[in-house]
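Written below as structure tokens is the structure these notes are about.
The values are calculated or read from the model by the stated rules, or taken from the named source; none is laboratory data. Just so you know, these numbers come straight off a predicted model, no measurement behind them. Cβ sites come from the backbone with ideal geometry, for glycine too, and all protein chains shown count toward neighbours.
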């Protein structure tokens, strides 16, 4: 058959369609997942979430993306959990303080003196005993926990000069609002006082509280040493977050994509955990050189406090016993 202008145009259009087909198919399968997080940009959890987003986009050639919403832009952690239950939010990194308030068994990870070092924390959150705590999340919260991120161990800053754990008694102490922390500090004789993080520095400056407790990372970034005379290292508590995905949203994700995202999330969490443990020494050095009095609290007489705490919490969080056994080996 002799080619005509019409047959040439038809052939050209067909070839163009075939060339463009992969792009069209990729666009049709494109998906952007929404990830909420309470901490601000620059926090190690946020850095990891942003790294996750970048890697997912690179490994899928832009087919899959994650948009990170920091600083409670989507509401507080309670609101984000509700959004995940409905499928309106795909992912969130939620602190165990929030989860433990809703599901007391999760609060086992917030019991005092499970491990005495941040290096021990890094090992504990990877242990099966800690990972098993997340098994209840689908039924209790409509979410799936894929692993933990961590902070350094928490310390207590005091406006007056102090020298030991007994000096906390009678203090009005700003704490995280989780019941696990509240009960611990009440056993130490303090009056736990919840104050939003952005207001803590001013609260210490004007004497609204006598002291505060926070992780080392936040404390150095906020320079709490400038409004305190002593930093007490109790080495008692730490605050993990859990990388959560919405069970409702997860059902719609193809199996291969679930496997890819799970792998990337866990790899980025591992980096965050290792980095946090590695930087603790530097942060402690910064505080020591700042001029604040740093006290390593004598922990020889904590058995009675642990016993009283476990009397309250073991019925609600039985895994504390196993976590203590594991922690003793780390």
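Summary table below
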quantity: Selection count where residues are surrounded by fewer than 16 Cβ atoms within 10 Å (Cβ to Cβ), in a loop (DSSP other than H, G, I, E, B) and within 24 Å of the chain's Cα centre (by Cα), scope the stretch 179-218; calculated: 1
quantity: Candidates 92, 51 - the one that is in contact with a strand residue (DSSP E or B) (Cβ under 8 Å, 6 or more places away or on another chain) and surrounded by 15 or more Cβ atoms within 10 Å (Cβ to Cβ); calculated: 92
quantity: Those residues of the stretch 155-167 which are surrounded by fewer than 23 Cβ atoms within 10 Å (Cβ to Cβ) and within 20 Å of residue 114 (Cβ to Cβ), in sequence order; calculated: 165
quantity: Subset tally (residues that are within 27 Å of residue 133 (Cα to Cα) and in a loop (DSSP other than H, G, I, E, B)) for the stretch 219-258; calculated: 11
quantity: Yes/no for residue 186 being within 19 Å of residue 108 (Cα to Cα) and free of Cβ contacts under 8 Å to residues at least 12 places away in the same chain; calculated: yes
quantity: Flag for residue 266 being over 17 Å from the mean Cα position of the chain (by Cα), farther than 30 Å from residue 210 by Cβ and in the same structural domain as residue 48 (by TED's automatic domain parsing); calculated: no
quantity: Residue within the stretch 243-252 that is surrounded by 15 or more Cβ atoms within 10 Å (Cβ to Cβ), within 18 Å of residue 290 (Cα to Cα) and either under 23 Å from the mean Cα position of the chain (by Cα) or in contact (Cβ under 8 Å) with a residue 40 or more places away in the chain (or both) present; calculated: no
quantity: Flag for residue 198 being modelled with pLDDT under 95 and out of contact with any strand residue (DSSP E or B) (no Cβ under 6 Å at 6 or more places or on another chain); calculated: yes
quantity: Helices (runs of 4 or more DSSP H) wholly inside the stretch 107-146 that include at least 2 residues being under 15 Å from the mean Cα position of the chain (by Cα) and either outside the structural domain of residue 320 (by TED's automatic domain parsing) or without any contact (Cβ under 8 Å) to a residue 60 or more places away in the chain (or both); calculated: 118-124, 128-131
quantity: Which numbered condition residue 261 misses (of (1) under 20 Å from residue 63 (Cβ atoms); (2) more than 21 Å from the chain's Cα centre (by Cα); (3) assigned to a helix (DSSP H, G or I)); calculated: (2)
